[in-house]
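One structure, pasted below without further comment.
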Amino acid sequence: MVASKKGGNDARRRKQAEDEQPPASSERRNRKKKDGWPWWLWLVGSLGLLACAGQLLVAIGGGGSEKGSSGSTGKGSKGVGGNKGSNTQRYLALALRLQEMTEVAATMMDHGLMDSEKAKDLDEELTSIEEEIAGREGKVERDLRAMVSVVRGTLYQKTGKLSDEQVEKLKNSFTYANPRYWDDYYNKTSAEERFDWYGDWQTSIKEMSFAPKGGPDQVTAHTIGDLLRPYLTPESQIMMLGCGNSNMSEQMYTAGFENIVNVDISEKLLASLRERLGASMPRMRWVYENASALSFEAGTFDVTIDKGTLDAIEQNKPLLQSAVTEAHRTLRPGGYFLSVTFNSPEVRVEQQLRPAADW
């Protein structure tokens with residue numbers, strides 16, 4: 001996690017961000033390039049594919065009907081047939097194949113070897129994966145298709161310098177910054193299907209100590225909530241920037257931080273959250289907002305929490321810059337911007353936050 005204070009001292013903020021970041025692996029320290037394939041997409045994609053793989057392995061071990069993986073239905077397609085065990089094994093192979101493709105694409109992009117021809121070759125591989133699951137509907141197939149569309153979209157956005165809208169016009173292509181991707185995804189998922197890639201308030205972390213800005217000299221953290229708590233009070237006006245279907249806000253509300261405005265670009269998702277939580281958590285709100293053009297007045301919030309939202313849009317640099325500028329504008333002087341990210345403080349603070357606003 002990194003924290004930036006609006007109007008704070010630069011040197012002290014830099015030290016704070018460095019102190020609060022959990023120790024990074026040597027591999028992560030080497031991933032500080034300003035441009036290139038988004039390495040976090042490989043990581044998140046791998047997590048998604050591992051989640052698919054987990055469902056498939058359970059299905060292989062559990063037996064059951066012959067309707068397809070994870071309750072999928074539909075006629076068999078190219079390379080897919082037989083009983084549930086053979087289907088799930090096949091899908092597991094496809095998931096691992098897609099993971100390998102993201103690794104290849106990331107390596108080629110980072111070494112400047114990616115061109116339109118190689119992108120076309122990779123796209124043909126992606127299309128072949130889609131053909132393998134054509135005509136079948138289920139959770140695993142849905143998540144595989146979603147990952148294929150994002151890998152394809154990010155691939156063509158980077159090689160062709162395309163906007164999110166231009167990417168969408170291509171066949172089965174999206175980027176994580178496109179609101180229609182999320183509407184489509186949430187339309188196909190239930191409230192019970194919740195997987196928080198970045199963890200939640202109660203997620204355990206490796207024990208660490210840090211000195212929060214303006215708080216106690218030293219705090220020991222065992223969870224993500226322990227990292228955030230020193231910057232919050234029960235009276236804090238909090239914006240959750242890109243809330244998604246995470247239960248982070250629910251857990252914060254239960255912990256005593258109730259003045260939370262959850263914003264997102266999927267009205268379908270927000271309506272579902274209002275219906276499910278509105279009565280039991282009356283002081284929390286869910287508001288449709290575009291992160292790059294927030295409707296709130298300047299200085300509305302004491303704290304803004306970003307948990308993966310800036311990571312999702314960082315390849316669209318104008319969008320990223322606008323989102324950071326708006327987050328800064330809507331914070332009161334002395335307020336805190338808390339970012340839970342796979343990026344290092346150098347990338348998030350020095351390369352992304354500071355160039356966009358006077359923190």
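The values are calculated or read from the model by the stated rules, or taken from the named source; none is laboratory data. None of these values were measured; they are calculated from a predicted model. Cβ coordinates were reconstructed from backbone atoms using ideal geometry, including for glycine residues, and neighbour counts include every protein chain displayed. When the accessible area is computed, the model is the full protein with side chains, heavy atoms only, and any ligands, DNA or RNA have been set aside. Shrake-Rupley method; radii C 1.70, N 1.55, O 1.52, S 1.80 Å.
Using per-residue counts of other Cβ atoms within 10 Å, averaged over each peptide, order 341-349, 159-167, 326-334 from highest down.
Details: 341-349: 21.1, 159-167: 15.7, 326-334: 18.9.
In descending order of packing, they fall as 341-349, 326-334, 159-167.
Could you grab the relative contact order for segment 212-344? Cα pairs under 8 Å, six or more apart, rounded to a whole percent. Working shown, then result.
On the way: 207 pairs, mean separation 31.1, N = 133.
Once divided by the residue count of segment 212-344, the mean separation gives 23 percent.
Continuing with this model, one more query. Where a ≥ b ≥ c are the square roots of the eigenvalues of the C-alpha gyration tensor, would you call segment 262-338 rounded, which needs a/c under 1.5, or, failing that, prolate if a/b is larger than b/c, or oblate? Please report the intermediate quantities before stating the final value.
Details: a/c = 2.18, a/b = 1.36, b/c = 1.60.
Oblate, since a/c reaches 1.5 and b/c is not below a/b.
Antiparallel versus total DSSP beta bridges in segment 178-286: what percent is that, nearest 5? Don't skip to the end; give the middle numbers.
Values: 4 of 10 bridges.
In segment 178-286, DSSP labels about 40 percent of beta bridges as antiparallel.
Tell me, what is the percent relative contact order of segment 227-276, built from C-alpha pairs under 8 Å that lie six or more residues apart?
Dividing the mean separation by the residue count of segment 227-276 yields 40 percent.
Something else about it: How much of W197 can a 1.4 Å solvent probe reach, expressed as accessible area in Å² and rounded to 10?
My reading of the accessible area for W197 is about 90 Å².
With +1 assigned to the C-beta of every Lys and Arg and -1 to the C-beta of every Asp and Glu, and no other charges, what is the dipole magnitude of segment 256-359 about the Cα centre in debye, to the nearest 20? Kindly include the intermediate steps, with their values, before the conclusion.
Numbers: 11 positive and 14 negative charges, 44 e Å.
Computed about the Cα centre, the dipole is about 220 debye.
So, by mean Cβ neighbours within 10 angstrom, what's the order for 91-99, 293-301 with the highest one leading? All intermediate terms of the calculation are to be shown ahead of the outcome.
Details: 91-99: 20.3, 293-301: 15.0.
The most tightly packed comes first, giving 91-99, 293-301.
If you take the alpha carbon radius of gyration of segment 190-271 and divide it by 2.2 N^0.38 Å, what ratio comes out, to two decimals? Could you put the intermediate results ahead of the total?
Values: Rg = 14.0 Å, N = 82, 2.2 N^0.38 = 11.7 Å.
Expressed relative to 2.2 N^0.38 Å, the Cα Rg reads 1.19.
Moving on to the next point. Take every Cα-Cα distance within segment 191-343, group them into 10 Å bins from 0 onward, and report for each bin the whole-number percent of pairs it holds.
10, 41, 38, 11, 0
What is the percent carbon and sulfur in the accessible area of segment 213-359, measuring with a 1.4 Å probe over the protein chains and ignoring ligands? Before the final figure, lay out each step's value.
Values: 2910 of 5620 Å².
Within segment 213-359, the accessible surface is 52 percent carbon and sulfur.
Next question. Which peptide among 272-284, 138-150 comes first, and what is the full order, when sorted by highest mean count of other Cβ atoms within 10 Å?
Values: 272-284: 14.2, 138-150: 21.9.
Peptide ranking by packing, descending: 138-150, 272-284.
Turning to a different aspect of this structure: Report the local net charge at F337: Lys and Arg +1, Asp and Glu -1, summed over other residues whose C-beta lies under 9 Å from its C-beta.
Working: positive: K5, K6; negative: D306.
My count for the surroundings of F337 gives +1.
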